[in-house]
Amino acid sequence: MVKKKKKNKKILGIWFADWANSFEDPRSAYYITLAISIVSFILLFSMVGPVNNATGSKTGLVTLVWIIIITFFFSLFLTLKIHSGISTHHCPKCKRIYAGEIYKQTHLGSRQRTAEFRVKEKEKVETGKKKFETGVEQIDTYHNKTKCKLCNHKWEYNSAKSTRVA
C-alpha cells in the first residue's frame with residue numbers, strides 16, 4: 001500500500017528530494033524506485049534472448065532494450081540517493097530527506113595518523129598489482145548545528161573530514 005502524498009508548501013530545490021518528501025514517509029518513494037529497478041532488471045535479462053534470436057529487423061527490440069537499460073540505471077540512481085537521504089541526511093523530527101542546513105560549524109580539533117594510499121602509476125598499470133604508498137592523513141572533527149529547512153527543527157551532530165597532507 002502506497003501512502004498518500006502530503007502537500008508540502010516548502011521546497012528544497014533538489015527535485016528527487018522534493019518528490020520523495022511529498023509522500024508522508026520518504027521510504028515510500030524509496031520502495032517505488034527500488035521496485036522499478038528490480039522490474040527493469042528482470043525485464044532486461046528476459047529481453048536478451050528474444051533480441052539475440054530475432055530474425056529480420058531488430059531495431060524495435062533494440063530500442064526497447066535501451067529504454068529498459070536507461071530506466072534501470074536512472075531508477076537505481078534514485079534508489080541510492082533516496083536511501084542515502086533516509087539513512088544519513090534526514091531531519092530527526094519530520095524525517096524529510098536532504099532538508100538540513102548547517103548554520104554553525106565549530107572545529108573541535110584535528111589529529112594525524114599514517115595511512116596507506118593507493119597510487120596511480122603513470123606507466124602502464126599491470127593487472128592484479130596495486131601499488132600503495134604510506135603517507136600522513138589529517139582528520140578534522142567538527143561539531144555541526146543544523147536546522148531543518150522544512151520544519152525549523154534544530155539538532156546537533158559531529159562530523160569528520162579526512163585529507164592527505166603528506
(request) Give the residue, chosen from Gly13, Gly100, that is under 25 Å from Asn144 (Cβ atoms), exposed (fewer than 12 other Cβ atoms within 10 Å of the Cβ) and over 14 Å from the mean Cα position of the chain (by Cα). (result) Gly13
(request) Search region 81-116 for residues being among the β-branched types (Val, Ile, Thr) and in contact with a strand residue (DSSP E or B) (Cβ under 7 Å, 6 or more places away or on another chain), and hand back the single one that is nearest to Ala166 (Cα to Cα). (result) Thr114
(request) Would you mention how many residues in region 16-43 are hydroxyl-bearing (Ser, Thr, Tyr), over 19 Å from Cys91 (Cβ atoms) and surrounded by 17 or more Cβ atoms within 10 Å (Cβ to Cβ)? (result) 3
(request) Kindly indicate whether any position in region 107-121 is surrounded by 10 or more Cβ atoms within 10 Å (Cβ to Cβ), among the hydrophobic types (A, V, I, L, M, F, W, C), modelled with pLDDT under 90 and within 26 Å of Tyr30 (Cα to Cα). (result) no
(message) So, in region 51-80, exactly how many residues are at pLDDT below 95, assigned to a helix (DSSP H, G or I) and not hydroxyl-bearing (Ser, Thr, Tyr)?
(response) 12
(request) Filter region 134-165 for residues that are of a type in the set (A, V, I, L, M) and not in a strand (DSSP E or B) and give the result. (result) Leu150, Val165
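The values are calculated or read from the model by the stated rules, or taken from the named source; none is laboratory data. Note that this is a predicted model, so its numbers are computed, not measured. A quick note on method: Cβ atoms are made from the backbone with ideal geometry, for glycine too, and the neighbour counts reach across all protein chains shown.
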